[in-house]
Amino acid sequence: MEVVSGRYLVFVATVVSLIAVPGPDMLYVLGRSLGSGGRAGCFSAAGIASGYALLTLLVAAGFQLVFEAFPSLFLALKYIGVAYLSWLAFRLIRSDGGFDAPKPGRGHTDWAAFSSGVATSLLNPKGLLFYFAILPQFFAAADGPFWRHALLYGWTTSLLCLTLYSALGCAASYGARRWTPEPAASRNLSRLAGGLLLLSALAMLGAEWSGGAISH
């Protein structure tokens, strides 16, 4: 039991360190928060966490075996993910008033932030590699059935993403209002996040073309 608990703590520390490194998920939440406010950032974080919760169910069901049998499918998903992240980046860069043009009703903005967050995590090449290739490496027979291990470790990752990204989004939104209250400054920060997201997507594409692995 102590060995299992120690392995779990190592896993949590690993996930926190990975989340702390800027990547597509973080940059998307930052872009939403800077462009549309902390509420949008929190809904984006909730969408990302929900997407990873869905990936957890696929891992628990043994879906990674499908990727092992058909590696071209996994490669195709990574390219689709890079294309989607690039599209999100262009939306951030070209937007004049945050991520989206203002729409009547808060519900629309909340849903847009949440649903885009879900798609971002489901198509994030880093996330796909982490869940289907790295997470299973923490499994040991002492943990019991693999599906139980996958649910515990996968949903722990999802919860950490929700907590840390929500806090980051609120902090970024507060800082932008506090130190750069002008709308133009907020838009420029949002566009900067979009530019960094685009660079991140291109870097992952370059790593794939050069034969390197896309890592979380």
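If I take R0 = 22 Å and measure r between the Cβ atoms of A140 and L75 in this structure, what FRET efficiency does the formula 1/(1 + (r/R0)^6) give, to the nearest 0.05?
0.15
For the stretch 108-208, what does the alpha-carbon gyration tensor say about shape, rounded, prolate or oblate, given a ≥ b ≥ c as the root eigenvalues, a/c under 1.5 as rounded, and a/b over b/c as prolate?
The shape class here is prolate.
Per residue of the stretch 10-16, what does 6.51 cos²θ - 1.76 cosθ + 1.60 with θ = phi - 60° give for ³J(HN,Hα)? Whole Hz please, x for Gly and Pro, Karplus curve as stated.
Computed from phi, the couplings for the stretch 10-16 are 4, 4, 4, 4, 5, 5, 4 Hz.
Each reported figure results from applying straightforward, stated rules to the coordinates on display, with no laboratory input. Nothing here was measured: the structure is a model prediction, and the numbers come from that model. Glycine gets a Cβ as well: all are built from the backbone with ideal geometry, and neighbour counts include every protein chain shown.
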